[in-house]
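Just so it is clear, none of the values below were taken in a lab; they were calculated from the coordinates. In this text the structure is predicted, and so the values were computed from the model without any measurement. Counting neighbours? That spans all protein chains shown, and the Cβs are built from the backbone with ideal geometry, glycine included.
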Amino acid sequence: MKLREQLLFRCLAAAGLLLGLFGAVLLASSFDLQITRERTALETRSDDLANSLESSAVNYALQGIPLTDDLLVSVLRQLDPNAGLYAPDGSSILNASSPMSSDGITMNGQMLQTVRPVHLAGDEYHLLITADLSPLYASRSALLGGYILIYLAFMLLFSVFMLAIARRITRPIENLARISLNISEGALNQFVPEEGSCETIEMARSFNRMTHELTNRIERQKRFIADLTHEMKTPLTAMIGHADLIRSGRSKGEDAMISAHLILSEGKRLNALTARMIELILLGQEDFEPIPVSVQSLIEETADSLRHAAEQAGVKITTSHGGGAIPGDPVLLRSLLTNLTDNAIKSGASSVHIGSCLSGGYATLSVRDDGRGMDEESLHRITEPFYRVDKSRSRAQGGAGLGLSLCAEIARLHGSMLKFQSMPGKGTVVSLTLRGEEDDEA
C-alpha cells in the first residue's frame, strides 16, 4: 500500500472512531439527562398530587363526609385524570389495570411510572402516576438519524481534505522516488522540486546536492577515462608501429636500435603513467596516523634528490627554511614536494627555490620558479588529471599530467590545499599551509 493511501486510511479510521465515540457519548448523555429530568418531574408531580389528595381527605373528614371509593375517584379525577389509585388490599380503584408494583419509580417499556403510599381516612392507599416517554425516544431516534447523516457528510468532506493533504505530503517523496529511478537508469541531470514542508524542502536540497555532486563525479570520471585513453593510445601506437617495423625486417641496424629505443621509452612512460594512476586511486582510500615531520629534512632531501636532474636541465635549486616540524605522512609529503619541484624544473626555469616559514603555529611550504608561468585558465585547471599547460613539452619530458592531481590530493589528506600564483613569462609559486610545531627535529 502506498504511503498516501496509508495516511488517508489511518486518518479516516482515527477520525471516524473519535467522531463516532463522541456522537454516541453525546447522544447517550443527552438522553440520560432528559430521563433524569422526567424522573424528577414525575417525583415532584407525585408528591404534589399525594399532598393534595391527603388534604382533600382531611377536609372531607372534618366536614363529616365519609370517604368512599367513588368520592376518592371523583377527587382524583379532578386533580389528575391520568393518575391511578390502588385500594389498601391492592385492588385497582382507578386507572390501575395491572397488579400493583413496589413503591418507587420504574420503567415499563417507554413509560415511566411511580407508585407511592398515601394515607386516607386511616387507611394506606397507593397512588400510581405515569409519564409517557415515547416522545423522548422518538426525539432520540431523530437525533441519531440526523447525526448519522452529519457523520457521513463529515467523513466524505474529511476524506477529500485528507486526500489533498496526503497528496501534498507525499508528492515530494514520490518525486524523489521517480527521479531516483530515472537517475538509476542513467538520466543524471534531474533535480527534485524544492517544495512542501521545511523537512521535505531540506530533503530535496540534500538530494539535489547529492545528485549534483554525483553528476560532477561521473563527468570527471568520464573525462578521466577519455584522457587516459588518449594518453595510452599515443605511446601504444608508436610502440606497435616500431615493433612492426622490427618484426617485418624493414627496420635494421641503426634504425632498429632507434625503434627499440622508442619502444623502451614509450614503455617506460606507460609504466610511469600506470604507477601514477595507482597512486591517485590509492590516495582516495588513504588513512594514516600523522607524525611530526622535520621541515628542514623534508626540504633538503627533496632538493638533494632532484639536484642532479636540475643541473642537467640547467636549473639551479636553492633552499631556505624556518625550522620546526609539521604533522603528517613523511612519504606523502616528500612525494608532494618532489612533484612540485620536478614541475618547476620542467617549466623552463633557470632557478627553483624550495622554502618554508613558520608563523602563528602554521608552516607554509612553497616552491618558486622563474619559468614560463601560466595564464588564468591554466590556473583553474592545473590540478585536473591529465591536464597540461604545454602538452608537447610534457610528453617530451615524460610527464603524464597526473603530478599536480596527486599533489592536490595529498594536500587534501593533510587538511590543506594548493595555492598557485603565476603569470605568463614570470614564473610560478605553489604553496600550501599546514599546522606547524616549534620543533627543529622530527
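Observations on the structure shown:
- Remark: the Thr215-Thr44 segment gains 52.8 nm on full extension, using 0.36 nm per residue and subtracting the alpha carbon distance.
- Assigned charges on the beta-carbon of Lys, Arg, Asp, Glu; the stretch 64-207 dipole about Cα centre (debye): 780
- In sequence order, the stretch 23-37 has phi-based couplings of x, 4, 5, 5, 5, 5, 5, 5, 5, 4, 5, 5, 4, 4, 4 Hz under the Karplus curve 6.51 cos²θ - 1.76 cosθ + 1.60, θ = phi - 60°, and Gly or Pro positions carry x.
- Ser52 versus Lys268: modelled label distance in nm, points set 7 Å from Cα along the beta carbon direction: 13.4
- Between Leu17 and Glu289, full extension at 0.36 nm per residue minus the direct alpha carbon distance yields a gain of 91.7 nm.
- Extension gain for Gln421 to Ser197 (0.36 nm times residue separation, less C-alpha to C-alpha distance): 76.0 nm.
- Summarising the label geometry, the points placed 7 Å from Cα in the beta-carbon direction at Phe9 and His119 lie 7.2 nm from one another.
- Counting only Cβ charges, +1 for Lys and Arg and -1 for Asp and Glu, the dipole size of the stretch 3-136 around its Cα centre is about 820 debye.
- Proxy reagent accessibility, fewest Cβ within 10 Å first, across Met162, Met423: Met423, Met162
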